[in-house]
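The values are calculated or read from the model by the stated rules, or taken from the named source; none is laboratory data. Everything numeric here is computed off the predicted structure, so don't read it as measured data. Using ideal geometry, Cβ is built from the backbone for each residue, glycine included, and neighbour counts are taken over all protein chains shown. Please note that ligands, DNA and RNA were not included when accessible areas were found on the heavy atoms of the full protein model with its side chains. Shrake-Rupley method; radii C 1.70, N 1.55, O 1.52, S 1.80 Å.
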Amino acid sequence: MPSRFNGGDPGPDGSLLGWADRFAVRLAEARPGLRYANLAVRGKLLHQIVEEQLPLVLAARPDLVSFCAGGNDVLRPGGDPDKLAAEYETAVAALRGAGAHVMVFTGFDTRELGLLKLLRGKVATYNEHLRVIAARYDCVVVDLWGMQAVQDRRAWSEDRLHLSACGHERVALNAARAIGLRTDEDPEAPWPPEDEQLSAAAARREHVQWAREHLVPWIGRRLRGQSSGDGLVPKRPDLLPL
């Protein structure tokens with residue numbers, strides 16, 4: 001039941017992949033016969049995920065559920081980490097009560113994400129709630145806040161709001177290791193040196209362009225109550241073999 005943040009990660013057929021699909025491939029290699037569903041739709045708010053996706057997950061009775069949700073709410077004006085955590089915990093309790101193992105994902109540290117760094121305190125508060133909930137219900141925690149690799153701009157797509165293909169791969173590796181899978185690749189492996197370093201002036205110009213092309217439209221959608229996921233449906237709603 002991951003909340004899809006797979007921007008900038010096209011697959012061979014042009015459809016978007018994302019960390020969940022990448023993680024599922026790794027899990028299937030270790031667990032032959034794995035059946036996998038991806039109910040995620042980008043931009044969904046926590047209450048939408050709980051209302052629309054949670055009943056489907058409970059009906060499917062999966063062994064393992066990835067629950068990455070609430071980030072879109074925290075970033076919105078008025079998003080209350082305390083109230084969101086209470087709703088999140090209700091969903092986790094239902095999943096654990098149905099016998100599913102749950103992977104809880106913390107939010108990313110936004111200190112290097114432009115103006116989103118202003119929301120860093122709210123994200124940190126929400127994360128602390130998630131860690132307490134995970135401990136209370138014996139869930140696996142996939143720590144995205146502590147990932148140093150995603151502080152590199154190459155981990156993010158052009159909009160700086162969604163991960164790049166490399167960023168998704170790093171998160172998939174982190175999730176795999178969190179549940180005990182062995183991986184040859186290290187999610188925190190150093191990035192190769194960049195061919196060219198941006199000057200301070202070029203970095204400022206790039207930031208202004210990003211704000212105009214991506215941040216302002218994003219804020220506008222939030223003020224209008226719109227989402228980039230409006231009209232989208234889950235790409236893999238049923239548990240099927242990979």
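Counting 0.36 nm for each residue step from Val25 to Glu194 and taking away their Cα separation leaves a gain of 57.9 nm. Cross-link pairs exceeding 27 Å in C-alpha to C-alpha distance, out of Lys83/Lys117; Lys117/Lys235; Lys44/Lys117, comprise Lys117/Lys235.
Near the amide H of Phe105, within less than 5 Å, lie the amide hydrogens of Phe67, Ala69, Val142, all on another chain or at least 5 residues away, with H placed in the peptide plane. Would you mind getting me the FRET efficiency between Leu56 and Arg212? Use the beta-carbon distance for r and R0 = 41 Å, nearest 0.05. For R0 = 41 Å, the calculated efficiency reads 0.60. Note on Asp63 and Ala93: with the Förster distance fixed at 25 Å, the Cβ-Cβ geometry gives a FRET efficiency of about 0.90.
For Glu185 and Asp152, what is the calculated FRET efficiency with R₀ set at 25 Å and r taken between the beta-carbons, to the nearest 0.05? My answer for the efficiency is 0.95. The candidates Lys117, Lys83, arranged from most to least accessible area with a 1.4 Å probe in the full protein assembly, appear as Lys83, Lys117. The distance separating the Cα centre of the stretch 134-195 from that of the stretch 57-113 comes to 18 Å.
Full extension of the chain segment joining Glu128 with Leu242 gains 37.6 nm, where the gain is 0.36 nm per residue of separation less the Cα-Cα distance. Under 5 Å from the amide H of Arg236 lie the amide H atoms of Asn38, each residue being 5 or more positions distant or on a separate chain, with H modelled from the backbone and absent for Pro and chain starts. In sequence order, the stretch 121-131 has phi-based couplings of x, 5, 5, 5, 4, 4, 4, 5, 4, 4, 5 Hz under the Karplus curve 6.51 cos²θ - 1.76 cosθ + 1.60, θ = phi - 60°, and Gly or Pro positions carry x. Let me know the shape class of the stretch 13-102, please: from the alpha-carbon gyration tensor, a ≥ b ≥ c as square roots of the eigenvalues, rounded when a/c is under 1.5, otherwise prolate if a/b is greater than b/c, or oblate. Verdict is oblate for the stretch 13-102.
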